[in-house]
Amino acid sequence: MGGGGDSEEQTWLLYDYVLGLARGTRVLYVPTASRENPELVVLFYERFRGRAETTALRFFPWPPERLRELVLAQDVIVVGGGNTANMLAIWRVHGFDRIVREAWEDGIVLCGASAGMICWFEAGVTDSFGPQLEGMRDGLGFLAGSACPHYDGEERRRPTYTKLVRDGFPPGYAADDGAALHFAGTELAEVVTCRPGTAAYRVEPDGETRLETRLLG
């Protein structure tokens with residue numbers, strides 16, 4: 001997901017779509033990128049109340065004792081936004097990168113917005129290193145190429161990403177706020193959005209191509 005919708009109702013259309021892909025309703029929220037912001041954890045529980053069996057995964061002061069068992073018992077893993085580089089460093093220290101790959105290979109749905117979008121790719125456009133945007137080539141690499149969220153939501157995203165790719169950064173996908181790319185395995189299956197007029201794009205060195213997008217709701 002490039003980002004959320006303009007309202008809670010719009011954003012829920014995206015998560016309802018995600019739950020429709022899953023084999024059950026056990027949802028794990030991973031707020032590492034936001035320093036496990038308690039307000040976002042509360043929002044997660046409120047958002048899914050009555051719709052799913054929910055758990056928040058915290059790495060501070062340390063991860064739970066049976067981390068692998070907890071993760072592999074889920075149907076959906078939702079990764080929150082924030083500092084992607086810091087998040088990935090913490091995950092790797094605790095072996096969560098290997099566990100979440102196992103979850104993906106087992107058919108658990110992986111999703112998220114912003115940091116929760118780009119982390120699955122080999123590379124991404126991030127503000128992890130300051131308010132300026134930079135290309136980072138240190139993603140989990142489940143999906144080939146690069147990704148850029150907030151394509152229509154932040155003024156610098158489109159020009160920064162297109163220039164990076166033009167200058168040799170791995171080509172990939174950009175998503176407007178409210179747009180989501182659904183990958184089945186490593187193949188792009190569909191693009192959906194909860195905001196009218198928004199979309200996702202394939203970005204190559206010679207420019208961008210708007211992808212066919214289905215409006216939810």
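All of the numbers you see were taken from the coordinates with simple rules; none came from a lab. Treat the numbers as computed from the prediction; the structure is a model and nothing was measured.
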*Summing -39500 (n - 2.57) over the DSSP H runs of n ≥ 4 in the chain and dividing by its residue number, what mean residue ellipticity at 222 nm do you reach, to the nearest 500 deg cm²/dmol?*
-8500 deg cm²/dmol
*Just the projected area, averaged over all directions, of the convex hull on the alpha carbon atoms of segment 40-159: how many nm²?*
8.2 nm²
*asked:* How long are the semi-axes of the equivalent ellipsoid of segment 19-84, taking √(5λ) for every eigenvalue λ of the Cα gyration tensor, in whole Å from largest down?
replied: 19, 15, 10
*What is the mean projected area of the alpha carbon convex hull for segment 98-190, to one decimal in square nanometres?*
5.9 nm²
*Cα centroid separation, segment 27-103 to segment 133-164 (Å)*: 22 Å
_What do you get for the angle between helix 157-166 and the principal long axis of the chain? Use alpha-carbon atoms, 0 to 90 degrees, nearest ten._
70 degrees
